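The values are calculated or read from the model by the stated rules, or taken from the named source; none is laboratory data. Keep in mind that what you see is a predicted model, and the values were worked out from it rather than measured. Every residue, glycine among them, receives a Cβ derived from its backbone with ideal geometry; neighbour counts consider all protein chains shown. Just so you know, the surface numbers come from the protein's heavy atoms only, side chains and all, with ligands and any DNA or RNA stripped out. Shrake-Rupley method; radii C 1.70, N 1.55, O 1.52, S 1.80 Å.
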Amino acid sequence: MRDFIPVNNRKAGLIMVLAMFIIGFIDNYIVVIAETASLWQFQIMRAGLAMPILIIISAFGMGRLRPVRWWAVYFRSFLTALSMLFYFGSLAFVPFSDALAGLFTAPIFVLLISAFFLKQAIGSIRVIAVIIGFLGILLVLGNTTEEFSYISLLPTIGGFFYACGSIATRQLCMGETTLSMLAALLVIQAFIGFVAIFCLSTFGFDAPPGADGFILRTWVWEMSPFIWWVVLQAVGATVGVGLIFRAYQIGDASYVSIYEYSVFIFGPAFAWVLVDQPIAKLQVMGILCITFAGVMIALRSGSTS
């Protein structure tokens, strides 16, 4: 594909910034959805609203929905779906900036998995980046025992599974279209949602009111408080992810990936303006450490030396 598309890093960078602007905006409303809906219903509805958009895009010849290797695409999608499960689930309980920081530990986990499981050499600079990134994780999670919460680990677990999905994409899905992988991800997310609702309904868990019940809630029939926020999420996520795919398609990955960290500007800014979520100084330092580590890794990944 790259042979027929000229590299335009400047345009790719601008497209990635626009994608991060959209995602930084729409993901702030997960906390609003969490007040009355369930995580599982959100995933089902989001998939149901986004899938027709993908079908229309495919019908206009802009991508193939059918995977070449079904097992590889759905295995990769399962790993990515797990990462989104932990990320979206955490947004009901932790500040948006913390959730982003956890998810963006993925490059650090990619390096660790590459070094210890794939036996790839990573070099001293990227080892330093991993150490800096780990320090950033500690700062974001809280620098004292009193501040630490196991809920705070959810985004970082999401970052781990996102890294696994990224490695599976490179190792198993090189010949697949981005449309087929996104469609498979939506199918897996909806399937997990249906299974979770069935299990929760069967075992009769009581969901607490408000955002605390986001994970334990089943299907909510009174959708008026959140339906339009879910529509916004579905459309915005489809556009945002499409822009991300386009940016990586026309730009060098090591260059484009740096612009993904602009979400750390848009996300917390929208969180402060829209939902009044402040951010502590130590957490700012942690985010900067994770961002610096990610940029170091991206630059070294694009280096030929």
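Residues are listed down the side, and each one gets a yes or a no for (1) over 14 Å from ALA168 (Cα atoms); (2) modelled with pLDDT under 90:
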site: PHE75; (1), (2): no, no
site: LEU82; (1), (2): no, no
site: LEU85; (1), (2): yes, no
site: LEU91; (1), (2): yes, yes
site: ASP98; (1), (2): yes, yes
site: ALA106; (1), (2): no, yes
site: LEU112; (1), (2): yes, yes
site: ALA115; (1), (2): yes, yes
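The set of residues in the range 5-22 that are assigned to a helix (DSSP H, G or I) and either more than 19 Å from GLY240 (Cα to Cα) or open to solvent by 30 Å² or more (accessible area, probe 1.4 Å) (or both) comprises ASN9, ARG10, LYS11, LEU14, VAL17, LEU18, PHE21, ILE22. Among the residues of the range 237-263, just one is over 13 Å from the mean Cα position of the chain (by Cα) and over 15 Å from ILE15 (Cβ atoms), namely SER254. If you go through the range 171-187 and keep only what is open to solvent by 30 Å² or more (accessible area, probe 1.4 Å) and under 12 Å from TYR74 (Cβ atoms), you end up with LEU172, VAL187. For the range 258-283, the tally of residues that are in contact (Cβ under 8 Å) with a residue 40 or more places away in the chain and assigned to a helix (DSSP H, G or I) stands at 18. Just checking, does the range 188-205 include any residue being surrounded by fewer than 21 Cβ atoms within 10 Å (Cβ to Cβ), part of a loop (DSSP other than H, G, I, E, B) and either touching a Gly at 6+ places or on another chain (Cβ under 8 Å) or touching a residue at least 12 places away in the same chain (Cβ under 8 Å) (or both)? No, the range 188-205 has no match at all. Please determine whether any residue of the range 122-129 is β-branched (Val, Ile, Thr), modelled with pLDDT of 90 or more and surrounded by 17 or more Cβ atoms within 10 Å (Cβ to Cβ). Checked against the condition, which is being β-branched (Val, Ile, Thr), modelled with pLDDT of 90 or more and surrounded by 17 or more Cβ atoms within 10 Å (Cβ to Cβ), the range 122-129 yields no hits at all. Scanning the range 206-240 for residues that are among the charged types (D, E, K, R), in contact (Cβ under 8 Å) with a residue 60 or more places away in the chain and either closer than 30 Å to ALA72 by Cα or surrounded by fewer than 13 Cβ atoms within 10 Å (Cβ to Cβ) (or both) turns up just one, GLU222.
Looking across the range 13-54, just one residue is farther than 23 Å from ILE215 by Cα, β-branched (Val, Ile, Thr) and under 15 Å from the mean Cα position of the chain (by Cα), and that is ILE22. Taken over the range 65-96, the criterion of being assigned to a helix (DSSP H, G or I) and open to solvent by 60 Å² or more (accessible area, probe 1.4 Å) is satisfied by TRP70, TRP71, TYR74, PHE75, PHE78.
Part of a loop (DSSP other than H, G, I, E, B), surrounded by fewer than 23 Cβ atoms within 10 Å (Cβ to Cβ) and more than 13 Å from the chain's Cα centre (by Cα): does that describe MET62? Walk me through it before giving the result.
On the way: part of a loop (DSSP other than H, G, I, E, B): yes; surrounded by fewer than 23 Cβ atoms within 10 Å (Cβ to Cβ): yes; more than 13 Å from the chain's Cα centre (by Cα): yes.
Here the answer is yes, as MET62 does meet what is asked.
Residue pairs whose Cβ atoms lie under 6 Å apart, separated by 6 or more positions or on different chains, with the first residue in the range 106-125 and in a helix (DSSP H, G or I) and the second among the charged types (D, E, K, R) and open to solvent by 70 Å² or more (accessible area, probe 1.4 Å), are ILE125/ARG300.
Quick check on the range 131-150: of everything there that is open to solvent by less than 70 Å² (accessible area, probe 1.4 Å) and modelled with pLDDT of 80 or more, which residue is nearest to SER257 (Cα to Cα)?
Taking the range 131-150 first, the residues open to solvent by less than 70 Å² (accessible area, probe 1.4 Å) are 132-133, 136-137, 139-142, 144, 149.
With modelled with pLDDT of 80 or more added as a condition, the list becomes 132-133, 136.
Numbers: ILE132: 18, GLY133: 16, GLY136: 19 Å.
Taking the candidates together, the pick is GLY133.
Look at the range 65-92: where a residue is among the charged types (D, E, K, R) and a partner is assigned to a helix (DSSP H, G or I), sitting 6+ places away or on another chain with Cβ atoms under 8 Å, you get ARG66/SER180; ARG69/LEU172; ARG76/GLY165; ARG76/ALA168; ARG76/THR169; ARG76/LEU172; ARG76/MET181; ARG76/ALA184.
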